[in-house]
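Bear in mind these aren't lab numbers, they're just calculated from the coordinates by the rules spelled out. Only a predicted model underlies this, so the values are computations on that prediction, with no experimental measurement involved. Positions of Cβ are generated from backbone atoms using ideal geometry, with glycine treated the same way; all protein chains shown enter the neighbour counts.
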């Protein structure tokens with residue numbers, strides 16, 4: 001992250017903040033979309049989070065920590081938006097699968113479908129840790145810092161999330177094996 | 001391919017699917033909102049004096065001394081009748097019984113909001129109190145102990161209003177729209193509440209003249225204190241047994257964002273109505289503030 005850009009935005013430079021938005025918006029959107037599993041809601045949350053980031057930027061003491069700070073605001077916006085949004089409860093919108101993936105075999109599609117359903121059943125706080133760690137690539141210590149939680153909590157949330165997804169995955173494999181009459 | 005590898009591959013594919021490109025409409029909406037959305041004021045700027053030149057430090061120190069001296073001389077109404085101007089420096093408030101902030105207009109009763117019945121109670125052993133907060137607010141516990149720095153000293157990382165701050169107990173509304181902070185600090189024996197607030201003010205908020213006019217009496221756990229409407233925040237102060245307890249929110253009383261809570265003062269009073277001091281006081285005493 002461009003420290004100078006953060007500092008200029010922090011001092012009220014709207015042009016600098018616009019540049020900053022262009023630099024971080026895709027990353028933040030990707031995180032929100034994966035946590036919420038709803039592209040439309042993720043766009044709404046991203047919008048709210050970016051405006052909050054703008055408002056609170058003067059409070060950011062260390063520009064080098066901008067990304068972690070922004071992640072925390074984004075994740076809190078996800079927490080705030082999810083239960084209040086009717087779409088959250090009613091939508092079962094499967095994310096679009098790229099054309100390049102169309103050649104995937106049935107097993108892969110079945111696996112992803114099971115993971116999708118299992119992921120949707122996870123609490124938001126577990127999803128956030130899982131996405132920040134496995135998608136954004138943050139080490140657990142950085143995940144804990146970004147979310148403002150102890151490392152042990154981040155570790156346990158990741159453990160529970162992984163265990164749930166692995167359980168769903170194994171069950172899917174077992175069902176498919178039974179269907180095909182071969183051992184799992 | 002074993003099951004572990006298959007699981008990793010499936011998880012990776014699951015996480016990688018879809019596009020992360022933000023729509024232009026979203027970006028445009030954000031940038032449009034930014035044009036009309038003011039940034040919050042960083043209340044800790046006055047604390048960050050590391051880059052001040054020596055002459056500027058001297059000027060700032062003199063200004064603080066003059067403000068305190070003038071405030072005491074003209075009797076802002078926050079001190080007790082027994083207070084007198086200190087020594088030649090004028091910066092050492094005269095000892096006064098505590099609490100020493102007489103209410104400009106005593107409240108007939110504490111502001112107890114009926115809505116606080118469902119609040120969650122948070123206990124701060126660090127600062128020696130328990131306090132409630134709305135159940136859907138996020139707690140941000142303090143991980144270091146706050147102390148009012150003497151002179152031009154820096155507060156270090158984390159001031160009372162800093163969302164990433166670590167030295168106050170923080171309670172954050174959904175969406176991070178509102179932050180309420182609560183903490184306490186040891187006060188040098190003999191320091192009056194008025195003197196402490198006057199010393200605190202220029203380092204944390206503004207305006208620092210006419211504080212009495214912006215004050216109202218409030219109560220907390222049977223103690224009387226002052227609720228001050230500063231320019232961009234509302235804070236309540238209670239001096240009990242040589243310890244100042246502070247609860248504040250960091251938006252102007254009339255800010256539209258906080259209107260949903262009845263205004264900044266109402267929100268602080270609601271928090272105060274749930275606050276109780278721990279019988280044993282804080283687990284670890286903070287450093288005394290300047291007197």
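Evaluate E = 1/(1 + (r/R0)^6) for residue B:121 and residue B:33, where r is the Cβ-Cβ distance and R0 equals 41 Å; express this FRET efficiency to the nearest 0.05. Spell out each step's value before the answer.
Values: r = 36 Å, r/R0 = 0.88.
Taking R0 as 41 Å, the efficiency between residue B:121 and residue B:33 is 0.70.
Shielding value for A:37-46 is 2, the average number of Cβ atoms from other chains within 10 Å of each residue's Cβ. Calculated on the Cα set of the stretch A:103-184, radius of gyration then Dmax: 15.1, 48 Å.
When the convex hull of the C-alpha atoms of the stretch B:167-227 is computed, what volume per residue in Å³ does it have? Intermediate results must be reported in sequence, preceding the final value.
Numbers: hull volume 8.2 nm³, N = 61.
Spelled out: Cα convex hull of the stretch B:167-227, divided by residues, is 135 Å³.
Measuring max minus min along each principal axis, the C-alpha atoms of the stretch A:1-91 give extents of 43, 20, 19 Å (largest first).
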